[in-house]
Amino acid sequence: MLTENVREALLRAAARNNADWCEAICRAHGLRGEFRLDAWTSPARTPPYYPDAVTLTEHADAGDLLARIDLGVGGASVKDSFAALDLADRGFAPLLDARWIGRPADPPARDPLWQRIRTTGRLAAWEIAWDGGVEGLFPASLLEDPSVLVLASPDFGAGAVLNLGAGVVGVSNLFVADPAVDAARAWHDCLAAASVRCPGLPVVGYESGEELAAAEKAGFTPLGPLRIWLATS
C-alpha cells in the first residue's frame, strides 16, 4: 500500500517521466521540445500518437500553454497530466481519460524472458507486432538512446518500451500480439525485465479501461487522473 506522500511523489514523477519519453521520441525524429516548470511543449507538430504538450503541474495556464505549440496544423493534442485544464472553449475536445499508475520496484528477476531490442531489423519487427499499420514511428536512433529500452519476447508475442527519467522507469506501448499470451503474463514479463534492467526504480505509466484493470492486478496503484485533449479544428 502506497502512502499518500509516495503516491503524490510518484504521480509527479510519472508526468515528468512521460514528458521525457515524448521528448525522446521527438529527438529521434529530429525535433526538440522545451521544458518549463509548468509543462513540456513542442513548437513543431509531434509524431503520430504523441502529444504536443505534457503538463507538469495542475496550475498550468491554458492560454500560455497553447501559445507554445503549433495550432496551425490539425490534430494538435495536449496531455493534461492532472485533468485540471478546460480546453473545450479553445477548440479542443477530450480524447482519452486515463489514470497514472505506479508501483514499487521488484527484486531483480532471475531470468527475464523479454530481451532488449538492439538492431534495426528487430526494431522493425517489434513495430509491426506493436501495430501492424505503423512504420517508422520508432527511428533506429532510439536504440542508441541510453534512457530508452525497447523490449520484446523472443517471438514478438508481447513487448513494451521502458524509459528512464525523474527517478522512475516508465512503461509505455505495452502490447500483446500472441493470442496465447494474456495481459497478466505480459505485465509479469515486463516487470521482470524492468527489475533487471532498471534495478531499484519504481515503475510508472498510465492506462485506462481493461488495460488499467490488468495493471492493477499486476500490483499497480492508480495515482491520479489525466486527460488527453485533441484539437477539433
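The values are calculated or read from the model by the stated rules, or taken from the named source; none is laboratory data. Being a predicted model, the structure only gives us computed values, none of them experimental. FYI the Cβ positions are ideal-geometry reconstructions off the backbone, even for glycines, and counts take in every protein chain you see. Only protein heavy atoms, including side chains, enter the accessible area calculation; ligands, DNA and RNA are left aside. Shrake-Rupley method; radii C 1.70, N 1.55, O 1.52, S 1.80 Å.
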For Y49 the rounded accessible area (nearest 10 Å², probe 1.4 Å, non-protein molecules ignored) is 150 Å²
How many percent of the alpha carbon pairs in the stretch 64-166 exceed a separation of 18 Å? 65 percent
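Residues of the chain: accessible area per residue at 1.4 Å, in Å²? Let's see the in-between values first.
Details: 10650 Å² over 233 residues.
Result: 46 Å² per residue.
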Carbon + sulfur, % of accessible area of the chain - ligands and nucleic acids excluded, 1.4 Å: 53 percent
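In the chain, how does Rg compare with the Kirkwood Rh, expressed as the Rg/Rh ratio over alpha carbon atoms? Walk me through the intermediate numbers first.
Values: Rg = 17.1 Å, Rh = 18.0 Å.
Over the Cα atoms of the chain, Rg/Rh equals 0.95.
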Summing -39500 (n - 2.57) over every DSSP H run of at least 4 residues in the chain and dividing by its residue count gives a helix-only mean residue ellipticity at 222 nm, to the nearest 500 deg cm²/dmol, of -9000 deg cm²/dmol
May I ask for the angle, rounded to the nearest 10°, between helix 120-130 and the longest principal axis of the chain, with both axes built from Cα atoms and the value confined to 0 to 90°? 70 degrees
Dipole axis of the stretch 1-126 (+1 Lys, Arg; -1 Asp, Glu on Cβ), positive-most option in A62, P94, Y50: Y50
Scoring only Lys, Arg, Asp and Glu (+1, +1, -1, -1) among other residues with Cβ under 12 Å from the Cβ of G209 yields -4
How big is the dipole moment of the chain about its Cα centre under a simple scheme where the beta carbon of each Lys and Arg is +1, that of each Asp and Glu is -1, and everything else is neutral? Debye, nearest 20, please. 500 debye
Once you have the Kirkwood Rh of the stretch 131-233 from its Cα pairs, apply Stokes-Einstein at 10 °C and 1.306 mPa s and quote D in µm²/s. 106 µm²/s
Shape category assigned to the stretch 132-177 from the gyration tensor of Cα positions, a/c cut at 1.5: oblate
Where Rh denotes the Kirkwood radius from the mean inverse Cα pair distance, what is Rg over Rh for the stretch 1-114? 1.03
Separation of the stretch 81-142 and the stretch 43-66 by C-alpha centroid, Å? 18 Å
